[in-house]
Amino acid sequence: MTNKEYDIGLLSGYFSGLLSQEERSAVEEWGNASEENRAIFKETEKVYRSINLLKEMRQYDPSAAMQKVNTRIKLEKPNKNFIYYWQRVAAILLLPILIFGGIYFYQKNVPEKNTIVWQTFSTPPGVKSQIQLPDGTGVWLNSGAKLTYPSAFIEGERHVKLLGEAFFEVAKDKKHPFKVNLGKIGVEVVGTKFNIANYQEENRTEVVLTEGKVKLYKNDIDKNPVITEMKPGQRAIYEKPNNKLSLHPVDTDKYTSWIEGRIVFRDDTMDEVVRKLDRWFNVKIKIATPEIKTYVYTGTFRHETITQILNLLKKTSPIEYTMIPSEKLDDGSYERQRIILTKK
């Protein structure tokens with residue numbers, strides 16, 4: 001979550017106790033970043049706790065309450081006046097009246113069963129998350145990814161939308177294909193495993209298939225013609241500016257290792273290395289010497305810090321790096337760590 005945006009899915013997961021410690025820390029950091037964020041955090045907490053209370057109140061039995069009122073009236077001594085009895089009745093009935101008034105308001109504002117409610121699950125920069133969709137499909141989201149999906153797949157329609165990178169393990173259902181909207185193109189499967197990289201700021205979309213079959217189709221208004229079908233071990237690259245698609249055989253581990261906490265480089269140029277490190281560590285690396293972009297690297301990292309990785313790269317190639325201290329922004333947060341790469 002950024003300082004200006006918040007994701008109701010993450011906040012709800014925080015108050016429900018469903019987030020990992022890493023995700024909870026990210027939410028707390030966001031909440032403390034500004035007064036506006038703290039206000040949103042507190043209001044969301046109030047709403048969440050109110051809804052839970054109303055759900056518990058559904059168990060209240062008004063008939064039983066009235067019977068208790070009648071029993072108490074009969075047991076009272078006959079010398080009590082009418083006002084006294086009315087006060088006792090009012091006191092007993094006041095709480096259930098308030099309760100049912102709240103439940104009525106709650107029910108009026110809850111969507112009907114057949115209404116599709118779309119929600120977005122966002123992963124903060126530098127954080128990775130995992131969620132399960134209503135059909136049992138598992139989704140791993142990389143840093144800065146956003147997945148939009150319905151609260152329920154009505155009548156078997158399994159449609160989602162992705163910005164960023166995610167790995168899908170789709171629950172099998174041959175009668176109801178699973179579709180991922182990626183903008184100009186889409187992915188259709190019935191049950192398989194694949195990785196998608198679809199960042200809005202980049203000029204290409206990538207799909208890597210590890211298991212099963214995948215259909216890539218073009219998003220048109222009237223129809224969605226299939227562009228190609230992929231086989232396991234293939235990587236599809238769709239170039240957004242010229243609408244070109246190409247398929248390449250690859251080692252899928254290089255593109256899916258991130259879900260296991262590994263960064264894998266195999267004959268990658270410095271441009272590709274910088275792109276991955278930027279997202280992984282939520283930093284901003286600038287290549288100041290153009291020649292560095294042509295350098296090629298191979299290696300695997302798991303628990304290393306950004307400084308350790310840069311030091312290793314420095315030992316294997318003639319580069320230097322400079323870390324610029326982060327500056328505090330007007331809203332109280334800090335900008336991303338900036339790193340400058342130059343040739344020795």
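When region 257-274 is filtered for residues that are within 15 Å of Ser143 (Cβ to Cβ) and among the hydroxyl-bearing types (Ser, Thr, Tyr), only Ser257 remains. Scan region 144-164 for residues that are at positive phi and in a strand (DSSP E or B) and the total you get is 1.
If you scan region 260-276, which residues turn out to be open to solvent by 50 Å² or more (accessible area, probe 1.4 Å) and closer than 13 Å to Phe301 by Cα? Within region 260-276, Glu260, Arg266 qualify. In region 23-37, the count of residues that are among the hydrophobic types (A, V, I, L, M, F, W, C) and modelled with pLDDT under 75 is zero.
Going by the conditions given, is Arg279 open to solvent by 50 Å² or more (accessible area, probe 1.4 Å) and not aliphatic (A, V, I, L, M)? So Arg279 fails the test. Of everything in region 172-196 that is more than 15 Å from Lys161 (Cβ to Cβ) and under 19 Å from the mean Cα position of the chain (by Cα), the residue that is most open to solvent (accessible area, probe 1.4 Å) is Lys193.
Among the residues of this structure, Asn311 does not count as one that is of a type outside the set (A, V, I, L, M), in contact (Cβ under 8 Å) with a residue 60 or more places away in the chain and open to solvent by 40 Å² or more (accessible area, probe 1.4 Å). Here Thr316 meets each of (1) surrounded by 13 or more Cβ atoms within 10 Å (Cβ to Cβ); (2) out of contact with any helix residue (DSSP H, G or I) (no Cβ under 6 Å at 6 or more places or on another chain) with one exception, condition (1).
Quick check on region 324-343. Is at least one of its residues surrounded by 14 or more Cβ atoms within 10 Å (Cβ to Cβ), more than 25 Å from Glu202 (Cα to Cα) and touching a residue at least 24 places away in the same chain (Cβ under 8 Å)? Yes, that holds for at least one residue. Listed by first and then second residue, the pairs with beta-carbon distance under 6 Å, at least 6 apart or on different chains, first residue in region 167-189 and outside any strand (DSSP E or B), second open to solvent by 50 Å² or more (accessible area, probe 1.4 Å) and hydrophobic (A, V, I, L, M, F, W, C), are Lys174/Val190; Pro177/Val190. Restricting attention to region 141-176, the residues that are of a type in the set (A, V, I, L, M, F, W, C), touching an Asp or Glu at 6+ places or on another chain (Cβ under 7 Å) and closer than 24 Å to Thr205 by Cα add up to 2. When region 143-161 is limited to residues that are open to solvent by less than 10 Å² (accessible area, probe 1.4 Å) and closer than 20 Å to Glu260 by Cβ, the one that is farthest from the chain's Cα centre (by Cα) turns out to be Ser143. Once region 229-256 is narrowed to residues that are of a type in the set (S, T, N, Q) and surrounded by 15 or more Cβ atoms within 10 Å (Cβ to Cβ), the residue that is farthest from the chain's Cα centre (by Cα) is Gln234. Condition test on Gln132, is it open to solvent by 20 Å² or more (accessible area, probe 1.4 Å) and at pLDDT 90 or above? Considered against the rule, which asks whether it is open to solvent by 20 Å² or more (accessible area, probe 1.4 Å) and at pLDDT 90 or above, Gln132 comes out as yes.
The values are calculated or read from the model by the stated rules, or taken from the named source; none is laboratory data. Note that the structure is a prediction, hence the values are computed from the model and not measured. In this analysis, Cβ positions are derived from the backbone assuming ideal geometry, glycine residues included, and neighbour counts consider all displayed protein chains. Just the protein is used for accessible areas: all its heavy atoms, side chains included, with ligands, DNA and RNA removed. Shrake-Rupley method; radii C 1.70, N 1.55, O 1.52, S 1.80 Å.
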